[in-house]
Amino acid sequence: MKKFAIAIHGGAESVDPGELDKEKEEAYRQGLAEALKEGYEVLEKGGSALDAVEAAVNSMERNVVFNAGRGASLTQRGENEFDAAIMDGNTLRVGAVGGVRYVQHPISLAKVILQKCEHCLLVGTGAEEFALANNLPLKGPEYFITPEKRETWLDKQQEKAERKGMPGSMTDTVGAVALDINGNLAAATSTGGLTHQLKGRVGDTPIIGGGTLANNEVCAVSCTGEGEVIMRGVLAHEVYALMKYAGNSLQSATDKAVQLHDDKLKGDRGILAMDTAGKVAFGFNTGFMKRGYHAADEEPYIALWESEKLKKPAKQKEMEK
């Protein structure tokens with residue numbers, strides 16, 4: 001059987017176990033399991049890595065517990081604005097969107113841009129018009145805004161607290177990386193941005209090499225955390241460069257990218273990466289990262305806390321020393 005694998009993340013934030021109630025923790029695990037299953041089934045049927053990462057991210061864009069699509073964070077004006085990007089490691093083609101408001105699945109719009117558009121990145125109304133022209137489903141604001149996110153926005157407006165709201169609901173981004181049976185890698189990332197961000201703010205997610213990257217020669221990467229920090233560090237490309245030019249292992253490159261310029265780049269960082277063999281690395285400086293992994297010859301893995309380590313084959317452990 002040919003090797004294939006998919007890994008996902010639902011965001012990395014500085015959250016302590018005592019801050020997260022059991023009901024929400026279970027909702028995260030269930031949401032991750034559903035997204036992982038949808039992406040894995042595409043690969044299992046012989047589908048492409050590009051289709052698999054889209055399917056996994058679509059699932060999280062529909063799920064209100066994640067900060068992408070429905071249930072995403074609100075800007076200072078109480079509106080949703082979405083960013084997304086997808087990259088094909090085989091062709092190096094990319095599609096990205098920034099500041100879209102009404103597209104039900106921003107990652108699917110990014111994929112259509114990759115497939116049909118001469119440009120790599122479309123923003124705002126131009127991106128929405130491209131979605132209309134390609135018959136992608138649009139939704140009104142009431143579809144995306146949940147009571148929890150409305151309450152968090154009201155707290156900000158009333159200045160009751162600088163960072164009040166349910167833990168795990170503020171700034172997280174979702175993403176996926178995959179390897180298909182033909183040896184092709186792909187990466188996809190989607191986000192609702194930061195709570196109370198300025199209108200028109202675009203984070204690292206649609207910046208290729210910043211929050212998203214895939215190249216069949218080396219790896220696929222999707223980042224999460226504070227977008228300005230990730231963008232300034234060009235962290236997705238940093239993983240690629242550390243592997244290709246410095247000979248680092250996947251896990252070592254990921255860990256080093258998380259720690260890059262730690263004195264200057266202060267903020268939450270999480271990185272998901274996959275190599276050409278379908279091995280995965282999760283790196284984060286938060287203690288909490290919603291994540292999952294499923295390879296063809298392994299049991300699925302779902303985790304939230306740093307203590308829930310992914311068990312790796314002895315051979316891989318030796319390579320990472």
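The values are calculated or read from the model by the stated rules, or taken from the named source; none is laboratory data. All values reported here derive from a predicted model rather than from experimental measurement. Ideal geometry is used to build each Cβ from the backbone, glycine not excepted, and the neighbour counts take in all protein chains shown. Remember, those area values only see protein heavy atoms, side chains included, never the ligands or the DNA or RNA. Shrake-Rupley method; radii C 1.70, N 1.55, O 1.52, S 1.80 Å.
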Answer with yes or no whether G267 is open to solvent by less than 10 Å² (accessible area, probe 1.4 Å) and touching a helix residue (DSSP H, G or I) at 6+ places or on another chain (Cβ under 7 Å). no
Which one is modelled with the lowest pLDDT among residues in the stretch 158-180 that are buried (at least 16 other Cβ atoms within 10 Å of the Cβ) and among the polar types (S, T, N, Q)? S169
Only unsatisfied item for K156, checking (1) in contact with a His (Cβ under 7 Å, 6 or more places away or on another chain); (2) free of Cβ contacts under 8 Å to residues at least 40 places away in the same chain, is (2)
Selected residue (criterion: surrounded by the most Cβ atoms within 10 Å (Cβ to Cβ)) from residues of the stretch 75-92 that are over 19 Å from P137 (Cβ atoms) and within 18 Å of the chain's Cα centre (by Cα): A85
Selected residue (only one of A68, A131, A84 is in contact with a Leu (Cβ under 8 Å, 6 or more places away or on another chain) and within 15 Å of G211 (Cα to Cα)): A84
Taking the stretch 16-25 and the residues there that are in contact (Cβ under 8 Å) with a residue 60 or more places away in the chain and not in a helix (DSSP H, G or I), the one that is most open to solvent (accessible area, probe 1.4 Å) would be D16
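From the list A241, A246, A220, pick out the single residue that is open to solvent by less than 30 Å² (accessible area, probe 1.4 Å) and either assigned to a helix (DSSP H, G or I) or over 20 Å from H9 (Cβ atoms) (or both).
Being open to solvent by less than 30 Å² (accessible area, probe 1.4 Å) and either assigned to a helix (DSSP H, G or I) or over 20 Å from H9 (Cβ atoms) (or both) holds for just one of A241, A246, A220, which is A241.
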Going by the structure shown, is T205 within 15 Å of G98 (Cβ to Cβ), within 17 Å of the chain's Cα centre (by Cα) and either part of a strand (DSSP E or B) or free of Cβ contacts under 8 Å to residues at least 24 places away in the same chain (or both)? no
Among the residues of the stretch 41-66, the number that are open to solvent by less than 30 Å² (accessible area, probe 1.4 Å), out of contact with any Lys or Arg (no Cβ under 9 Å at 6 or more places or on another chain) and part of a loop (DSSP other than H, G, I, E, B) is 1
Only one of G233, G183 is in contact (Cβ under 8 Å) with a residue 24 or more places away in the chain and surrounded by 19 or more Cβ atoms within 10 Å (Cβ to Cβ), namely G233
In the stretch 70-99, the residues that are more than 30 Å from G183 (Cα to Cα) and assigned to a loop (DSSP other than H, G, I, E, B): R70, G71, A72, S73, L74, T75, Q76, R77, G78, E79, N80, E81
When you scan the stretch 100-154 for helices (runs of 4 or more DSSP H) that lie fully inside it, which ones turn up with 3 or more residues that are more than 18 Å from A55 (Cα to Cα)? 124-133, 141-144
If you check E217, E228, which single one turns out to be among the acidic types (D, E), under 30 Å from R150 (Cα atoms) and in contact (Cβ under 8 Å) with a residue 24 or more places away in the chain? E228
Set A295, A273, A281: member being touching a Cys at 6+ places or on another chain (Cβ under 6 Å), open to solvent by less than 30 Å² (accessible area, probe 1.4 Å) and either at pLDDT 95 or above or of a type outside the set (G, A, S) (or both): A273
Please tell me if Y28 is touching a residue at least 60 places away in the same chain (Cβ under 8 Å), touching a His at 6+ places or on another chain (Cβ under 6 Å) and among the aromatic types (F, W, Y). no
Looking at E38, E13 in this structure, which one is open to solvent by less than 30 Å² (accessible area, probe 1.4 Å) and charged (D, E, K, R)? E13
